[in-house]
Amino acid sequence: MLTLGIVIVLAPLLLSSYTLHQHRADLYDLLTGSEQHVAALQLEETGFIEIRGQRFGDERLKGFQILDENAMVIDPAGLTSLVLRNEVPRWVPTWLLQDPNMTIVIGVIGITWCSIAVWLGLFPMLLYASTVSILGWNYFRWIDSPNAANAIVGMCLLGFSFHLLITLLRFSFSSASSIPALARGVMLEASRTKLSLTFVTLLLLILPLIPVLLDPESPLRHRVQTLLSRSLGSTFTIAAFLTVFLGCATVAFEIRDRQIWQILTKPVSKLSYLLGKWLGLISLNLVILTVAGVSVFMYLQYLRSAPVASGLQGDLDRLAVEEEVLTARIESEPIFDMLSNEQLSARVELLIEADPELRDVEHIQVQLRKKLREDVQEQFLAQQRSIPPMQNGTVFSQTYVFENLQHAKNSGTPLAFKYRFHIGSSDEHATFRAGLVYNDDPTTRHAVTYIPTMTHVTMIPAYLIDDSGVLKISIFNLYEPPPKYFGIGTMNFDKGGIELLYRAGNFEGNFFRAMLVLWVKLAFLAALALCASTFLSFPVACMVTLTVFTCGTLAPYLSDSLQAYVPPPTSGVDFTNIGQVIQWAFQNTVRVIATGMVFLLDGFGSQRPTDQLVEGTLVSWSSVLRGMLTIGVLWSGLSLAIGTLVLKKRQLAIYSGSG
């Protein structure tokens, strides 16, 4: 009955979606084909056009300029939308009309969702959740609070979906084997204990409220990026804390309360015990990420069709959403010249000879010499990232070479040249001009206006890439300072300040891979929590696990900080001065600890799929597989192995021999 109801609702929607999609394809082909001139003249004269015996258009299009000076349609895609504007059914959500396949996906999910609910005996709860949703939606609509209406519906759907998936997994783990049975126990614990329910309830309340808190006046691109960042960031953070506390509690409390005696006295090995607990935790995280991921993805489909500002600004905003955020792009940075080892050594020796303090030191420490080499190399790279201002009419420039762009050339996808320049005092209220030339071809020369410290994007056609996949971009500094400020006004950019981005996949696949990476990171956190709780009490195990989690998250930033953190050399320490000795020992100890943390945990922190989704960059399958092998298999396996050894060595029960 529920399946029939879903089909009755979605069938006319699907028919309307496919019909409009076919009309859009036919009209676009006509406006870009050999007969576009005739069709455009017909639209200009009457405001209507006939395709396959059906008339489309609007009288307001009569006299509308459609052709350019070359008798070509100016904007075929925009004109197609205008002509078909009256054909869009008002009762269908706009975002569903953009892709007919989305309607099919929603139908399949809805039918599967309802069927599983009935099969598991959750129909009364489904009916209750639906009733609360309908009543809440109508009430908040009645008091003119549409955001609250959407939020209450989202909370009910997320809450029921979470309970449905938890029940389904508990049914799946109804096996007599030790590992599934222990995993089922963790799922039961997660759905009954106050600690777990608090985190789950917090997540189910926060997710529907995030879209409500978005600023409707901000550009659509910013709203989409904010939704992605806050939703996935909140989901991962809450799931991480739930994993740590539940993972530590499920083992530490069983050891403390001696419940583990009843488990390990059965034919259950120590490894099976931890594997069962780990399977339960990663299954719980799978449920959380599935519910959160589907809700975020569905709301993004709605948000991407939200209204934008009128005119060119709105068109650019919508284009930025589709081409810069809801996509999967590869980043390409220019190739810079690097100093050879011989050149570095020569320059470092010159620096040492020019510094009286260093020249008098008989032995320069290896660490200090390494720091000097890094500084020299960075200064050499900074020179390549700097362009002097105009002087006496002479314009200065730098040429940057981007390689390995064959994929972008073959696909014909336009490239986005992203740049963020600094100049003078980098006043964000001032504007400056720069010139761009591609492949040293003067006919491609054009000027851009930029605001210091702000990121700007210029689109570059893919045909400018040569056959070897190389594109050269020459940047000219068009700023000419006043005579009294001669020599001031050098334009420069930081490392990563310019880059090319091009489409290499779709957002849907990118989103799925990002959720996989988050799940793998939570799997390692679960294994670490279980390992720590085998030999530590609950609060100490939580503290240790959270410390490792924090250090792993901050490892990339710590790695950058270590480059500038250089303790005083041993040769420069007066060991008769206890203060200098303590300072020297403390700083070297800090550096050793920080270096070890970076070495062990940098792989965890470098996997940042949420940031990649927000920036629209590709989460590749290679990075996903690398994360699975290192974080999911190697690190998680090592943690579980250590926990198993601890349980084997630990005396969990003592039998007195009496009674």
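When the criteria are applied in full, P452 fails the requirement of being in a loop (DSSP other than H, G, I, E, B), surrounded by 13 or more Cβ atoms within 10 Å (Cβ to Cβ) and more than 28 Å from the chain's Cα centre (by Cα). Here the stretch 618-634 is the region considered, the condition is being of a type outside the set (G, A, S) and in contact (Cβ under 8 Å) with a residue 60 or more places away in the chain, and the residue that is nearest to L500 (Cα to Cα) is L618. Applying the set (1) modelled with pLDDT under 85; (2) surrounded by 11 or more Cβ atoms within 10 Å (Cβ to Cβ); (3) within 33 Å of the chain's Cα centre (by Cα) to E428 leaves exactly one unmet item: (2).
Name the residues in the stretch 511-537 that are surrounded by 21 or more Cβ atoms within 10 Å (Cβ to Cβ) and among the hydroxyl-bearing types (S, T, Y), would you? Scanning the stretch 511-537 gives S533, T534. The set of residues in the stretch 374-428 that are small (G, A, S) and part of a strand (DSSP E or B) comprises S386, S397, A416.
Among the residues of the stretch 2-21, is any modelled with pLDDT under 65 and assigned to a loop (DSSP other than H, G, I, E, B)? No. Pairing residues of the stretch 30-57 that are of a type in the set (S, T, N, Q) with residues that are surrounded by fewer than 16 Cβ atoms within 10 Å (Cβ to Cβ), at Cβ distances under 6 Å and at least 6 apart in sequence or on separate chains, gives no pairs at all.
Working only within the stretch 534-557, note down all residues that are of a type in the set (F, W, Y) and over 20 Å from the mean Cα position of the chain (by Cα).
Selection gives F535, F538.
Quick one: in the stretch 455-487, of everything that is touching a Pro at 6+ places or on another chain (Cβ under 8 Å) and not in a strand (DSSP E or B), which residue is surrounded by the fewest Cβ atoms within 10 Å (Cβ to Cβ)? Checking each candidate, the answer is G487. Just to check your reading of the model, which residue among P452, P461, P482 is free of Cβ contacts under 8 Å to residues at least 24 places away in the same chain, under 30 Å from R385 (Cβ atoms), not assigned by TED's automatic domain parsing to the domain that holds E254 and not small (G, A, S)? Exactly one of P452, P461, P482 is free of Cβ contacts under 8 Å to residues at least 24 places away in the same chain, under 30 Å from R385 (Cβ atoms), not assigned by TED's automatic domain parsing to the domain that holds E254 and not small (G, A, S), namely P482. Residues of the stretch 34-46 that are outside any helix (DSSP H, G or I) and closer than 17 Å to R24 by Cα: E35 alone.
Of the candidates V540, V566, V573, the single residue that is surrounded by fewer than 18 Cβ atoms within 10 Å (Cβ to Cβ), over 28 Å from W621 (Cα atoms) and at pLDDT 80 or above is V540. Scanning the stretch 488-511 for residues that are outside any helix (DSSP H, G or I) and of a type in the set (D, E) gives D494, E499.
The values are calculated or read from the model by the stated rules, or taken from the named source; none is laboratory data. As the structure is a prediction and not an experimental result, all values here were calculated from the model. We place every Cβ from the backbone using ideal geometry, glycine too, and count neighbours over all the protein chains shown.
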